[in-house]
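For reference, the structure discussed in these notes is given below.
The values are calculated or read from the model by the stated rules, or taken from the named source; none is laboratory data. It should be emphasised that the depicted structure is a prediction, and the values quoted were computed from it without experimental measurement. Neighbour counts run over all protein chains shown; Cβ positions are idealised from the backbone, glycine included. Note: areas computed on protein heavy atoms with side chains; ligands, DNA, RNA excluded. Shrake-Rupley method; radii C 1.70, N 1.55, O 1.52, S 1.80 Å.
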Amino acid sequence: MWTFIRKLLNELASLLSPQHGPIKDGVAIRKQRPLVWFGKLVFAETTPANDQVTDKQFVVVTYKGTQRWALFKCPCTCGEVISLPLQTSHSPHWKVTVSEAGRPTLYPSVWRNKGCMSHFWIEDGRVSWTSDTGMAPWVAKPGLYRPRSQADGVDIKA
């Protein structure tokens, strides 16, 4: 019974405070902050080719002062360039803000549905990995996601 309660408290501490980890002797243990992965934002007026996006570079494409796209190489180092829409006319879409240090924060998280299946957050240029990274969204959370099919233009082996 106490083991269950301790596990529940650990889980709550991790969920409520990203800076704190498990509880030991009634005290939350402070987590190490991830190292900075994306040192600064690079703004571009035209979308660069994938081979022009370098490791640890976070590019925001703007047009007439409006953010349109975010491009960066996957932080798992698989080498794939991730391109995310920042326009509200797209669904889903993401939002990029710039920290005081000039580093990107991206909301919501990124969960790749092909390739490496990485799932992560970017906050102040730091990448925080989720526990379900490497799993397809529809496998990890079948109630929220459905498998893609050939009708969607993607061949998925679930």
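All but one of (1) part of a loop (DSSP other than H, G, I, E, B); (2) modelled with pLDDT of 90 or more hold for residue 155, so report the exception by its number.
(2)
Filter the stretch 40-67 down to the residues that are of a type in the set (S, T, N, Q) and more than 18 Å from residue 94 (Cα to Cα) and list them by number. Steps first, answer last, please.
To start, the set of residues in the stretch 40-67 that are of a type in the set (S, T, N, Q) comprises 46-47, 50, 52, 54, 57, 62, 66-67.
Selection gives 46, 50, 52, 54.
Are any residues in the stretch 22-47 at pLDDT below 60 and within 17 Å of residue 126 (Cα to Cα), and if so, which ones?
Of everything in the stretch 22-47, just one residue is at pLDDT below 60 and within 17 Å of residue 126 (Cα to Cα), namely 30.
Can you confirm whether residue 123 is among the acidic types (Asp, Glu) and either surrounded by 15 or more Cβ atoms within 10 Å (Cβ to Cβ) or under 23 Å from residue 137 (Cα atoms) (or both)?
Yes: the conditions hold for residue 123.
Please list, ordered by first then second residue, the pairs with beta carbon atoms under 7 Å, 6 or more apart or interchain, first in the stretch 73-94 and without any contact (Cβ under 8 Å) to a residue 60 or more places away in the chain, second part of a loop (DSSP other than H, G, I, E, B) and of a type in the set (A, V, I, L, M).
So the pair list comes out as 73/53; 81/53; 93/86; 94/86.
Among the numbered criteria (1) more than 26 Å from residue 33 (Cβ to Cβ); (2) assigned to a strand (DSSP E or B), which one does residue 145 miss?
(2)
Restrict the check to the stretch 104-119 and report whether at least one residue is closer than 20 Å to residue 45 by Cβ and not charged (D, E, K, R). Give the steps one after another, and end with the answer.
So the first thing to find is which residues in the stretch 104-119 are closer than 20 Å to residue 45 by Cβ, and the list is 104.
After this cut, where a residue has to be not charged (D, E, K, R) as well, the list is 104.
Checked against the condition, which is being closer than 20 Å to residue 45 by Cβ and not charged (D, E, K, R), the stretch 104-119 yields at least one hit.
Can you tell me how many residues in the stretch 86-106 are open to solvent by less than 40 Å² (accessible area, probe 1.4 Å) and among the small types (Gly, Ala, Ser)?
Adding up the residues that qualify gives 2.
Among 131, 83, 109, which is within 22 Å of residue 147 (Cα to Cα) and open to solvent by 90 Å² or more (accessible area, probe 1.4 Å)? It would help to see each step written out before you state the result.
On the way: 83 fails: open to solvent by 90 Å² or more (accessible area, probe 1.4 Å); 109 fails: open to solvent by 90 Å² or more (accessible area, probe 1.4 Å).
Result of the check over 131, 83, 109: 131.
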